[in-house]
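Engineer: After the structure tokens below, expect a handful of questions from me.
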Amino acid sequence: MADTVRRPLMAGNWKMNLNHLEAIALVQKLAFSLNEKQLTEVETVVLPPFTDLRSVQTLIDGDKLLIGYGAQDLSPYASGAYTGEISGPMLARLGCQYVVVGHSERRAYHHEDDATVNAKVAAALAHGLAPILCVGEGLEVREAAGHVAHCSDQLDAALKGLTAEQVEKVVIAYEPVWAIGTGKTATPEDAQEVCGAVRERVAERFGKETGERTRVLYGGSVKSSNIAGIMAKPDVDGALIGGASLDADEFAKIVRFPEHVSR
Ligand SMILES: O=C[C@H](O)COP(=O)(O)O
């Protein structure tokens, strides 16, 4: 992790897990497990299913918890006849700060292509939400050593038409598909290679300052036992955590990573 203006971000993507009652219990436990200093040093965010958001908002606002929250997806449209969809304005009204866009599970199971991801990034920004934009290669691309080019192409497509000022608000998450939910974590060097390349690409297209300010996360089988090594890398500003974020103790240990990193 570089000594820059970039505040570390640990975001827990719960995926399709935990109902609204379980969500309240987890957020309460997470908040009790971390003190003000830890939550100030490391931005801590939960990304629950849509049905939990109102409960999470009520708890976080009511108890003034230093925990952020957001959604896992949004429609590219603001309103209209799109059955089953949830819009940016709806999420903004619920106080969401973040929304995941282009997660590999949505690209694979919901056939989201680069144009859709680009439209969703723009929709999020238009409604004051910071997109957590996911890029990442599958195993075949990795084995053919095409991972950097693949992520760079996904990034270019997703950021098409944006200004530098907008790009600074985007959080980019490098999530190698082969490391998601598999227990196969990328090594800190693997994470650094792509996170560094992503930052360089942002700098090339939107300017050096924008590259320096944009946060780049790693995601894929992150746990308390491997987070310190990953966060020691200069271009990794945090993590997008799946399975491990469903356990409040484990998530809190991940947030406390600075205690295990020598800087
Ligand atoms: O969004 C989170 C990632 O898909 C990582 O999931 P995981 O930590 O369960 O491997």
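The values are calculated or read from the model by the stated rules, or taken from the named source; none is laboratory data. Worth saying up front: this structure is predicted, and the values here are computed from it rather than measured. Virtual Cβ from ideal backbone geometry, glycine too; neighbours counted across all protein chains shown. Only protein heavy atoms, including side chains, enter the accessible area calculation; ligands, DNA and RNA are left aside. Shrake-Rupley method; radii C 1.70, N 1.55, O 1.52, S 1.80 Å.
Engineer: Inspect the range 198-214 for any residue being under 28 Å from A31 (Cα atoms) and touching a Lys or Arg at 6+ places or on another chain (Cβ under 8 Å) and give the result as yes or no.
Structural biologist: yes
Engineer: Related question: Condition (residue is within 12 Å of the ligand (Cβ to nearest atom), touching a helix residue (DSSP H, G or I) at 6+ places or on another chain (Cβ under 9 Å) and not charged (D, E, K, R)) applied to the range 249-261: is it met by at least one residue?
Structural biologist: Among the residues of the range 249-261, at least one is within 12 Å of the ligand (Cβ to nearest atom), touching a helix residue (DSSP H, G or I) at 6+ places or on another chain (Cβ under 9 Å) and not charged (D, E, K, R), which makes the answer yes.
Engineer: With the requirement that a residue be touching a residue at least 40 places away in the same chain (Cβ under 8 Å) and either open to solvent by 60 Å² or more (accessible area, probe 1.4 Å) or closer than 19 Å to C134 by Cα (or both), what does the range 72-84 give you?
Structural biologist: Of everything in the range 72-84, those that are touching a residue at least 40 places away in the same chain (Cβ under 8 Å) and either open to solvent by 60 Å² or more (accessible area, probe 1.4 Å) or closer than 19 Å to C134 by Cα (or both) turn out to be Q72, D73, L74, S75, P76, Y77.
Engineer: Considering each of K15, K29, K64 in turn, give the residue that is touching a residue at least 12 places away in the same chain (Cβ under 8 Å), assigned to a loop (DSSP other than H, G, I, E, B) and either open to solvent by 10 Å² or more (accessible area, probe 1.4 Å) or farther than 21 Å from G219 by Cβ (or both).
Structural biologist: Result: K15 is the single residue among K15, K29, K64 that is touching a residue at least 12 places away in the same chain (Cβ under 8 Å), assigned to a loop (DSSP other than H, G, I, E, B) and either open to solvent by 10 Å² or more (accessible area, probe 1.4 Å) or farther than 21 Å from G219 by Cβ (or both).
Engineer: Going by the conditions given, is L53 hydrophobic (A, V, I, L, M, F, W, C) and surrounded by fewer than 19 Cβ atoms within 10 Å (Cβ to Cβ)?
Structural biologist: Considered against the rule, which asks whether it is hydrophobic (A, V, I, L, M, F, W, C) and surrounded by fewer than 19 Cβ atoms within 10 Å (Cβ to Cβ), L53 comes out as no.
Engineer: Please report, ordered by residue number, the helices (runs of 4 or more DSSP H) entirely within the range 123-192 with at least 1 residues that are of a type in the set (S, T, Y).
Structural biologist: Those helices (runs of 4 or more DSSP H) span 147-158.
Engineer: Same structure, new question: Pairs please, first residue from the range 33-50 and among the acidic types (D, E), second anywhere and part of a strand (DSSP E or B), Cβ atoms under 6 Å, 6+ apart in sequence or on different chains.
Structural biologist: E43/L9
Engineer: Could you give every pair whose Cβ atoms fall below 8 Å, whose first residue belongs to the range 109-125 and is free of Cβ contacts under 8 Å to residues at least 24 places away in the same chain, and whose second residue is open to solvent by 30 Å² or more (accessible area, probe 1.4 Å), counting only separations of at least 6 or pairs across chains?
Structural biologist: E112/R106; D113/R107
Engineer: Would you please name the residue that is nearest to the ligand (Cβ to nearest atom), looking only at residues in the range 181-200 that are closer than 17 Å to Q154 by Cβ and surrounded by 20 or more Cβ atoms within 10 Å (Cβ to Cβ)?
Structural biologist: It comes out as A186.
Engineer: F251 versus (1) more than 25 Å from A119 (Cα to Cα); (2) modelled with pLDDT under 95; (3) under 15 Å from the mean Cα position of the chain (by Cα); (4) not small (G, A, S): which is the lone unmet condition?
Structural biologist: (2)
Engineer: Still on this structure: Test E22 against the criterion of being farther than 26 Å from V216 by Cβ, within 21 Å of the chain's Cα centre (by Cα) and open to solvent by 70 Å² or more (accessible area, probe 1.4 Å), and give yes or no.
Structural biologist: Here the answer is no, as E22 does not meet what is asked.
Engineer: Tell me, which residue of the range 166-180 that is within 16 Å of the chain's Cα centre (by Cα) and modelled with pLDDT under 95 is most open to solvent (accessible area, probe 1.4 Å)?
Structural biologist: V177
Engineer: Just need a number here: residues in the range 201-230 that are open to solvent by less than 10 Å² (accessible area, probe 1.4 Å) and either away from the ligand (no atom under 16 Å from the Cβ) or among the aromatic types (F, W, Y) (or both).
Structural biologist: Matching residues across the range 201-230 total 5.
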